[in-house]
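What follows is a short report on a single structure.
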Amino acid sequence: MKLRNHTRRITLLAVPAVLAAALFAGCGGGGPQMEEEKPIPVSSSVVTSSPAVVQRDLSGVLRGEMEANVAPEVSGRLRRINVEVGDEVVKGQSLAVIDGSQYWLSSQASKGQMETARLQLEQAQDNYDRYKPLYESDKISQAQWDQIVNGLEMAEAGYEAAQAGYYQVTDMAAETTIRSPLTGVVASRNADIGSMVGPQMVVFQVVQSEPMKVTIGVDESDLRYLTEDSPVELWVEAYPGETFTGTVRSIGAKLDEMTHTFPVEISVPNPDGRLKSGMVAHVVLSIRDLGEVISVPLNAVIELGGTKYVYVVHEVQRSEPRSTVRQLRAGEETVYLNSTTDEIAEALDSAGAGATVSIESEEKLYTLTLDSIGDPPAAGSGDPGTELRVERREVTTGPTLGDRIVIETGLESGERIVTEGQQFLDDETLISLPEDDFAAEAPPEESAAEEPAAEDGQTTTDEPSGEEAA
């Protein structure tokens, strides 16, 4: 049969026991070339069990146990400032003084008015005392007596009003001194000498900094594990690497509708005053102790169809490489094969030279005769030993622990799982592991003994060259 010099993509059909799975190098001979399954490089770790505690990292703003915004009771110009930011003060201590000259003058005027009202009251009382016997003996008329009584009552009211005015102005004069309402530290000052201040202006902020407090929002699912006086740890960015301790002081009784959490207030001792109001506190809240559990990296768990899996590494006997058809050449024509099953290889191995192969294209049917077939690989000619494959195993997960997650069922301590590269895997996929995965777990003296394992393709991610693959 004469074949034209052209190439077609065709389908190889089975006629008496012949479907092909070998690469033929022309009608004159040439043996099958072997194509080995390439391992996929991944990283792994050995599963271990260890004590674990469920924790939450929550943030809040540190505040003083008590904080007071101090504004003057009266308006005026600041005449003297007695403290600066950072000064410790006690309750009642003078913080600043307002110019009170106008209040002193007002108090003197009120004092004079009160004295006048007192004299008028004394005169009205004297008239009442003198005319009362005359009224009782009918020596004066009822109208005269009523006038005397009314005069006394008016004098009494006038004196009381003048006295109240005097006391008010005197109190205002005393309020020109701005005093601290609590013992603490001056956190801020918002005015200078000569500034006009008034009741609506906060001039100082005084903070009671021992202890401090911070409020965090706790999810309702975690609330049941908290009790008052539970210990907590926290840290602030101002002191990296340093941990402070505190206790839960109160647990809110109502859900915050904005954050959907419950407010929990934590008391933090601050004897040296290093913690400042306004600092952001990162609170590490221990929710519950899980005891000894198995946990794995979060990215080691994959979810398929609502079910969670991990890939478990296991060692199996190495399988022999299987030959695979690429093309069949007859004379000047090359035809490409697309059937690569084990049955094809077995049929070709048993067919021998002289077997008939039918090749069907879209245009016509070709019938070729094989002049020779390369010998199949001898038993044991593949790489000896074992190889690493993976098992996709279903697991049940528990709570998360930072960047790890608890495995409740499906894994045993001591098993090795894939931690990186699992997105390229399927059940029973051939893999290779970096040498570091083993060296990190072996004692120093055993590291050298494990180095030859790289020759088996088990502990290296380097892909074989083209010649090695052949």
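List of remarks:
Every residue, every condition in (1) more than 24 Å from residue 281 (Cβ to Cβ); (2) free of Cβ contacts under 8 Å to residues at least 60 places away in the same chain; (3) not assigned by TED's automatic domain parsing to the domain that holds residue 88, yes or no:
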{"site": "137", "(1), (2), (3)": "yes, yes, yes"}
{"site": "141", "(1), (2), (3)": "yes, yes, yes"}
{"site": "162", "(1), (2), (3)": "yes, yes, yes"}
{"site": "217", "(1), (2), (3)": "no, no, yes"}
{"site": "221", "(1), (2), (3)": "no, yes, yes"}
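- Some residue of region 34-54 being modelled with pLDDT of 90 or more, among the acidic types (Asp, Glu) and surrounded by fewer than 19 Cβ atoms within 10 Å (Cβ to Cβ): no
- Within region 82-101, residues that are more than 16 Å from residue 209 (Cβ to Cβ) reach partners that are part of a loop (DSSP other than H, G, I, E, B) and of a type in the set (Asp, Glu) with beta carbons closer than 9 Å, at six or more positions or on different chains, in the pairs 98/175; 100/175.
- Annotation: residue 157 fulfils all but one of (1) assigned to a helix (DSSP H, G or I); (2) modelled with pLDDT under 90; the unmet one is (2).
- Listed conditions (1) assigned to a helix (DSSP H, G or I); (2) farther than 24 Å from residue 77 by Cβ are all met by residue 139, apart from (1).
- Meeting the requirement of 2 or more residues that are closer than 30 Å to residue 90 by Cα and within 21 Å of the chain's Cα centre (by Cα), the strands (runs of 3 or more DSSP E) wholly within region 199-316 are 204-218, 231-236, 244-251, 262-268, 280-297.
- The requirement of being surrounded by 13 or more Cβ atoms within 10 Å (Cβ to Cβ) and touching a helix residue (DSSP H, G or I) at 6+ places or on another chain (Cβ under 8 Å) is not satisfied by residue 185.
- Test: residue in region 195-203 that is more than 30 Å from residue 100 (Cα to Cα) and out of contact with any strand residue (DSSP E or B) (no Cβ under 6 Å at 6 or more places or on another chain): no
- Here region 152-171 is the region considered, the condition is being surrounded by 14 or more Cβ atoms within 10 Å (Cβ to Cβ) and of a type in the set (A, V, I, L, M, F, W, C), and the residue that is farthest from residue 106 (Cα to Cα) is 152.
- Taken as a whole, the structure places residue 149 among residues that are surrounded by fewer than 17 Cβ atoms within 10 Å (Cβ to Cβ) and either outside the structural domain of residue 61 (by TED's automatic domain parsing) or hydroxyl-bearing (Ser, Thr, Tyr) (or both).
The values are calculated or read from the model by the stated rules, or taken from the named source; none is laboratory data. Here the structure is a predicted model, which means the values were calculated and not measured. With ideal geometry, Cβ positions are generated from the backbone for all residues, glycine too; neighbour counts draw on all protein chains shown.
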